[in-house]
Amino acid sequence: MAVSSWTIEWSDALSVSHPEIDVEHQHFIKLVNQLNDEIMCKHRGDKSAVERILSLLLKDAAAHFANEEQIFEAAAYPAAQEHAQIHSDILNKFEQALKTIQSTEIKALWIKMGLDIKDQLVDHFLKEDAKYIKHLQTE
């Protein structure tokens, strides 16, 4: 898995071995990379574009988390409740990032928000989502 300060490259290390979830995770990686590209591009850095991408990321994350939680319910995943709380916390952080970006013209804060979102996403895939892989594979 290649992860730089700004981008994430999909690899098998990020896979949860569930095709539907992997496709959605790949979509998030694409959005996070677009967000950080928009923030860091010297010729762009357009606030409305940053807000649009982050709003889309938030909307898609909510839909993905709901889908993932339905998969957990169907598979009787024992840690589903705890995982749902983590999803809620991530959505709250994404909402706060959007509010921060909407309320400031300071690009250094945009950069911090973009990097934090990338780090949260990778951390969630590698630590939290990895916990349910074996359970789903035994279903």
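The values are calculated or read from the model by the stated rules, or taken from the named source; none is laboratory data. Remember, it's a predicted structure, so these values are computed and weren't measured experimentally. Glycine gets a Cβ as well: all are built from the backbone with ideal geometry, and neighbour counts include every protein chain shown.
The residue that is nearest to the chain's Cα centre (by Cα), among those in region 39-49 that are part of a helix (DSSP H, G or I) and either among the aromatic types (Phe, Trp, Tyr) or at pLDDT below 85 (or both), is ILE39. Are any of the residues in region 65-81 within 24 Å of ALA130 (Cα to Cα), at pLDDT below 90 and of a type in the set (Ser, Thr, Tyr)? No; the residues of region 65-81 include none that is within 24 Å of ALA130 (Cα to Cα), at pLDDT below 90 and of a type in the set (Ser, Thr, Tyr). Which ones in region 1-35 are polar (S, T, N, Q) and modelled with pLDDT of 85 or more? Within region 1-35, SER11, SER15, SER17, GLN26, ASN33, GLN34 qualify.
Applying the condition of being farther than 21 Å from GLU69 by Cβ and in contact with a Phe, Trp or Tyr (Cβ under 8 Å, 6 or more places away or on another chain) to region 115-139 and asking which residue is surrounded by the fewest Cβ atoms within 10 Å (Cβ to Cβ) yields LEU115. Criterion applied to PHE72, PHE65, PHE94, PHE28 was being touching a Ser or Thr at 6+ places or on another chain (Cβ under 9 Å) and assigned to a helix (DSSP H, G or I), and the one residue passing it is PHE65.
For (1) surrounded by fewer than 19 Cβ atoms within 10 Å (Cβ to Cβ); (2) over 20 Å from ILE90 (Cα atoms), each residue gets a yes or a no:
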| position | (1), (2) |
| --- | --- |
| VAL23 | yes, no |
| CYS41 | yes, yes |
| LEU54 | no, no |
| GLU69 | yes, no |
| ALA74 | yes, yes |
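Taking the criterion of being among the aliphatic types (A, V, I, L, M) and within 14 Å of PHE28 (Cα to Cα), would at least one residue in region 128-136 satisfy it? No.
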